[in-house]
Amino acid sequence: MGAPELLHHLRGAGLVLTLTPAGGLHVAPRTALTDDHRAAIRTERDALVLALQAEAQDPPSRRSSNPLMTPEQGDECHAGGWDDAELSAFTAREARFIRMGRVADAEHLAERLTLRDRQRDDRRLCLECAALADNRRCLVALSGRLAGADRRIEPVQTILQRCPGFMRASGLA
């Protein structure tokens with residue numbers, strides 16, 4: 001396997017490879033690296049650095065015009081393409097957001113969550129929570145089970161956050 005194929009394979013495994021200012025190679029997240037990945041990276045290190053340098057000189061056009069992501073996040077989200085599980089999760093999320101009346105931003109929200117999953121980020125959107133009522137209020141807060149929150153809270157639904165009252169809504173991966 002040559003450097004371009006290895007780069008594609010590693011990105012498909014959820015790894016992000018970047019060049020350090022000193023010209024080194026940085027791979028994240030480390031928790032996703034397998035022994036096979038490490039061995040392949042060691043073997044192809046110089047070729048991977050050259051491939052990344054070539055990409056940096058001729059960056060791909062931005063694939064995402066998502067206002068919920070920076071251009072770099074958009075590129076990271078689409079690096080290496082999406083696998084079947086990511087496509088399935090994206091489709092289910094987009095359909096749910098449309099059913100919730102979020103037609104204008106359903107695709108952008110679902111795309112942002114794809115990046116969140118790739119980054120193994122544990123934060124959630126209130127839109128993913130079963131406790132978000134039709135009136136956009138939090139049912140966990142309303143019942144007094146969310147410490148420090150007003151019972152009438154209308155959370156910002158499109159911000160990734162950690163919430164002790166989060167309950168995944170049905171139909172979401």
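Every number in this text was worked out from the coordinates using simple rules, so none of it is lab data. Nothing here was measured: the structure is a model prediction, and the numbers come from that model. Heads up, the Cβs are rebuilt from the backbone with ideal geometry, glycines too, and the neighbour counts pull from every protein chain shown.
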Have a look at E72, E44, E86 and point out the one that is under 27 Å from L6 (Cα atoms) and surrounded by fewer than 12 Cβ atoms within 10 Å (Cβ to Cβ). E72
It is to be established whether one or more residues within the stretch 109-120 are part of a loop (DSSP other than H, G, I, E, B), of a type outside the set (S, T, N, Q) and within 19 Å of G80 (Cα to Cα). yes
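Of the residues A92, A22, A13, which is farther than 30 Å from S170 by Cα and either surrounded by 10 or more Cβ atoms within 10 Å (Cβ to Cβ) or without any contact (Cβ under 8 Å) to a residue 60 or more places away in the chain (or both)?
Exactly one of A92, A22, A13 is farther than 30 Å from S170 by Cα and either surrounded by 10 or more Cβ atoms within 10 Å (Cβ to Cβ) or without any contact (Cβ under 8 Å) to a residue 60 or more places away in the chain (or both), namely A22.
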For the stretch 126-133, indicate whether the set of residues that are in contact with a strand residue (DSSP E or B) (Cβ under 9 Å, 6 or more places away or on another chain), assigned to a loop (DSSP other than H, G, I, E, B) and within 30 Å of G12 (Cα to Cα) is non-empty. no
Using the structure shown, decide if L160 is out of contact with any Cys (no Cβ under 8 Å at 6 or more places or on another chain), in contact (Cβ under 8 Å) with a residue 40 or more places away in the chain and hydrophobic (A, V, I, L, M, F, W, C). yes
So, first residue farther than 18 Å from Q161 by Cβ in the stretch 97-114, second residue surrounded by 16 or more Cβ atoms within 10 Å (Cβ to Cβ) and hydroxyl-bearing (S, T, Y), Cβ within less than 7 Å, six or more apart or across chains; the pairs are E111/S64
Leading residue by the ranking (nearest to D75 (Cα to Cα)) among those in the stretch 25-41 that are in contact (Cβ under 8 Å) with a residue 40 or more places away in the chain and loosely packed, with under 15 Cβ neighbours inside 10 Å: P29
